[in-house]
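The block underneath contains the structure these notes are about, expressed in structure tokens.
The values are calculated or read from the model by the stated rules, or taken from the named source; none is laboratory data. If you're wondering where the values come from, they're calculated on a predicted model, not measured in any experiment. When we count neighbours, we look across all protein chains shown, and the Cβ atoms used for this are built from the backbone with ideal geometry, even at glycine.
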Amino acid sequence: METPDEFNIEAYDYELPEELIAQEPAPGRDGSRLLVLDRKTGGIEHRRFPELEKYLKAGDVLVINTTRVFPARVFGRRATGGNVEVLFLRTDIAGGWLALVRGNVKPGEEVELAEGAFSVTVAEKKDEGWRLETPEDLLSLLEKHGVMPLPPYIRRERNENHAQDRSRYQTVYAKKTGSAAAPTAGLHFTPEILSSLKSKGVEIARVVLHIGYETFRPIRVDDVREHKMHGEFFEIDSDNARKLAGAAREDRRIIPVGTTSCRVLETLAIWDTIGQVTSGVTSLYIRPGFSFCITGGLLTNFHLPRSSLLLLVSALAGRKKILEAYETAVREKYRFYSYGDAMLII
């Protein structure tokens with residue numbers, strides 16, 4: 001049951017010392033810590049990520065997002081000499097690509113990128129950014145000249161740690177290119193951990209959701225009920241749809257890895273397509289008051305204050321329990337955000 005306070009975005013704020021924002025990944029993928037939250041009791045345990053399997057049992061299904069991040073950020077210069085930074089998000093139905101552009105560009109303007117390696121033409125301003133007319137082989141050009149689209153709270157010079165970020169800002173199971181941000185809850189997994197979970201009888205189901213503008217867009221309304229999500233493409237194939245259907249039919253636990261996998265699962269439930277090959281665009285917004293249909297837990301990272309991701313975990317575990325867990329994490333000096341530690345809500 002919601003209370004009036006839970007409608008106000010200020011109810012989703014918390015204090016975080018800047019030094020707890022992880023600027024680098026842990027030395028090893030599985031070297032992160034794991035805060036385990038019991039959503040019924042509010043009880044908290046402190047573990048290391050490889051201990052995840054202690055909380056999973058045979059028959060559980062972990063749902064991972066196999067989207068692949070492309071090097072979506074590229075730098076350039078306007079004809080006037082001004083610097084430009086472009087973050088490509090996705091193709092646009094009108095042609096070209098949608099992108100976030102830092103710099104005072106104008107429609108009709110041509111902008112040189114990657115020290116003249118290629119250029120784009122500014123077409124029009126849209127809700128999600130700018131539509132740019134781009135070369136047909138844009139993705140291959142970005143693979144060669146782009147840098148990984150790290151969030152702004154991870155500070156980098158233009159090419160600092162570029163090689164490491166290309167590896168570590170990508171899950172080991174990434175397959176289908178299309179994301180402008182990583183599904184960060186999956187960054188902690190190694191092939192060995194996945195193999196160990198399978199040996200224990202934990203099933204792995206795969207979905208795809210290409211992460212775009214929603215990751216970067218803050219909630220700008222005071223009343224969280226008024227926030228709207230932009231659409232993101234997702235899909236699930238027949239083999240993985242059957243895994244979910246079997247688990248749901250047998251009342252086995254289905255635990256998404258990350259908020260993106262969670263939104264796919266709940267979209268499938270709302271669309272009544274669990275067990276079916278499905279692809280489409282979801283704009284599902286999960287906030288306190290949402291009734292989960294299929295999610296039986298969640299593996300996630302720690303999220304920014306006042307973000308739609310923080311509202312999602314609050315919907316699952318309760319706002320007070322989440323904020324108390326975050327206070328504990330700050331006190332225990334967990335590392336926060338994309339390159340930070342993990343949290344298991346069960």
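Here are a few things to note about the model shown:
- Of all residues in segment 56-85 being over 30 Å from Glu115 (Cα atoms) and under 23 Å from the mean Cα position of the chain (by Cα), the one that is surrounded by the most Cβ atoms within 10 Å (Cβ to Cβ): Asn65
- Residue tally, condition out of contact with any Lys or Arg (no Cβ under 7 Å at 6 or more places or on another chain) and not in a strand (DSSP E or B), over segment 82-104: 4
- Residue in segment 144-154 that is modelled with pLDDT under 95, at positive phi and not assigned by TED's automatic domain parsing to the domain that holds Glu18 present: no
- Check on Ile294, part of a loop (DSSP other than H, G, I, E, B), closer than 23 Å to Thr184 by Cβ, at pLDDT 95 or above and not acidic (Asp, Glu): yes
- Test: residue in segment 32-46 that is assigned to a loop (DSSP other than H, G, I, E, B) and closer than 19 Å to Gly186 by Cα: yes
- For Glu6: the one exception among (1) of a type outside the set (Gly, Ala, Ser); (2) surrounded by fewer than 20 Cβ atoms within 10 Å (Cβ to Cβ); (3) assigned to a helix (DSSP H, G or I): (2)
- The listed residues are Phe88, Phe49, and the only one of them that is crowded, with 17+ Cβ neighbours inside 10 Å and closer than 19 Å to Lys144 by Cα turns out to be Phe88.
- Within segment 218-229, tally of residues that are loosely packed, with under 15 Cβ neighbours inside 10 Å, out of contact with any strand residue (DSSP E or B) (no Cβ under 8 Å at 6 or more places or on another chain) and in a loop (DSSP other than H, G, I, E, B): 4
- Among the residues of segment 105-118, those identified as surrounded by 15 or more Cβ atoms within 10 Å (Cβ to Cβ) and not in a loop (DSSP other than H, G, I, E, B) are Val111, Glu112, Leu113, Phe118.
- So Leu244, is it in contact (Cβ under 8 Å) with a residue 60 or more places away in the chain, surrounded by 14 or more Cβ atoms within 10 Å (Cβ to Cβ) and assigned to a strand (DSSP E or B): no
- Close contacts from segment 255-281, counting a first residue that is closer than 13 Å to Val313 by Cβ and a second that is assigned to a helix (DSSP H, G or I) and among the hydrophobic types (A, V, I, L, M, F, W, C), with Cβ to Cβ under 7 Å and a gap of 6+ residues or different chains, come to Pro256/Cys262; Pro256/Leu265; Gly258/Ala185; Thr259/Leu309; Thr259/Leu312; Cys262/Leu312.
- Residue match in segment 178-199 (condition: assigned to a loop (DSSP other than H, G, I, E, B) and among the charged types (D, E, K, R)): no
- The number of residues in segment 123-142 that are under 26 Å from the mean Cα position of the chain (by Cα), part of a strand (DSSP E or B) and either basic (Lys, Arg) or surrounded by fewer than 20 Cβ atoms within 10 Å (Cβ to Cβ) (or both) comes to 3.
- Residue identified as in the same structural domain as Ala174 (by TED's automatic domain parsing) and closer than 30 Å to Glu143 by Cα among Ile44, Ile9, Ile21: Ile21
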